[in-house]
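The next block holds one structure in the form of structure tokens; read it before the comments.
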Amino acid sequence: MFLEIRDIKKSFGQGDSFVEVLKGINLEINRGEFCVLLGPSGSGKSTLLNIIGGIDGADSGDICIEGEKMSNMNEKRLTLYRRKHLGYIFQMYNLIPNLTVQENIEVGAYLSDKPLEMEELLRTLGLYDHRKKLPNQLSGGQQQRTAIGRAIIKNPDILLCDEPTGALDYKTSKEILKLIETVNQKYGNTIIMVTHNDAIKDMADRVVRLRDGMIRKNYVNEARVSAQDLEW
Ligand code: ADP
Ligand code: MG
């Protein structure tokens with residue numbers, strides 16, 4: 001199994017502000033799978049992504065990547081995992097304002113020994129003709145494409161996407177989801193994505209739904225998400 005999430009528990013706060021966010025999450029994801037994570041606001045989706053991404057620690061449980069436990073990784077190994085094997089995109093694009101599209105993507109390439117070929121990637125992203133522009137000369141969708149490029153140029157094993165279309169209109173969102181699907185098919189990256197956009201129903205290999213700190217649904221391929229599934 002490529003990625004195993006084993007009995008992950010996580011709480012925040014103390015006393016009156018104590019909240020048990022993840023109450024024992026178990027999930028297995030195959031290499032190359034496109035997995036969508038659904039659930040109401042506050043159900044722990046971002047928390048789970050951050051634990052998989054090694055930027056937050058679980059209280060108990062473990063993440064195993066190709067059989068290697070994250071809890072056994074020393075700091076150097078964990079840094080390597082985050083730098084080389086993991087890409088992350090967020091609702092905020094977080095581009096560097098004084099760098100061009102191509103230069104922003106190059107930032108990601110510095111993290112890899114074997115970055116993808118720039119021109120081909122720019123064309124895949126639909127950014128080739130915009131490569132010399134600065135972020136403030138781009139639409140929101142083009143800025144997110146640039147952020148995807150920065151995450152993907154190192155050809156990460158895992159791409160974590162936390163509501164990547166949250167700031168975009170429906171049509172642009174659909175284009176971005178399509179692009180992530182193309183990336184998944186072309187480069188074979190394993191994708192775990194939080195989204196509320198119903199266009200995802202044709203793309204996901206696996207649909208996982210969180211509620212009250214537990215996985216309430218986990219199903220493969222038929223992946224026809226009902227409108228109910230996408231309610232907040
Ligand atoms: P989602 O992404 O599904 O909306 P989150 O994972 O962001 O949910 O948050 C789940 C719960 O955990 C929320 O109640 C949130 O307030 C709480 N939470 C998340 N991160 C922290 C933190 N660093 N400190 C305290 N509470 C947090
Ligand atoms: Mg969130």
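Read-outs: derived from the displayed coordinates by stated rules, not from any lab. If you're wondering where the values come from, they're calculated on a predicted model, not measured in any experiment. Positions of Cβ are backbone-derived with ideal geometry, glycine not excepted, and every protein chain shown enters the neighbour counts.
Per-structure values
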item: Computed lengthening from GLU68 to PHE2, 0.36 nm per intervening residue step minus Cα-Cα distance; result: 22.8 nm
item: Contour minus Cα-Cα distance for LYS186 and GLU103 (0.36 nm per residue); result: 27.6 nm
item: Approximate shape of the chain as ellipsoid semi-axes (Cα gyration tensor, √5λ), whole Å, largest first; result: 28, 21, 17
item: Derived scalar couplings ³J(HN,Hα) [the stretch 37-47; Karplus, 6.51 cos²θ - 1.76 cosθ + 1.60; whole Hz; x for Gly, Pro]; result: 10, 10, x, x, 4, x, 7, x, 5, 5, 4
item: Taking the chain and dividing mean pair separation by its residue count, relative contact order in percent (alpha carbons under 8 Å, at least six apart); result: 27
item: Potential lengthening between GLU117 and ASN94 on full extension [0.36 nm per residue; Cα-Cα distance subtracted]; result: 6.0 nm
item: Computed label-point distance, nm, for sites GLU20 and ASP212 using a 7 Å Cα→Cβ extension; result: 1.1
item: Within the stretch 156-186: backbone nitrogen closer than 17 Å to the LYS133 label point (7 Å, Cα to C-beta); result: 168-169, 172-173, 175-176
item: Nitroxide proxy distance, nm - points 7 Å out along Cα→Cβ at LYS9 and TYR110; result: 4.1
item: Gap separating the Cα centres of the stretch 66-134 and the stretch 166-180, nearest whole Å; result: 20
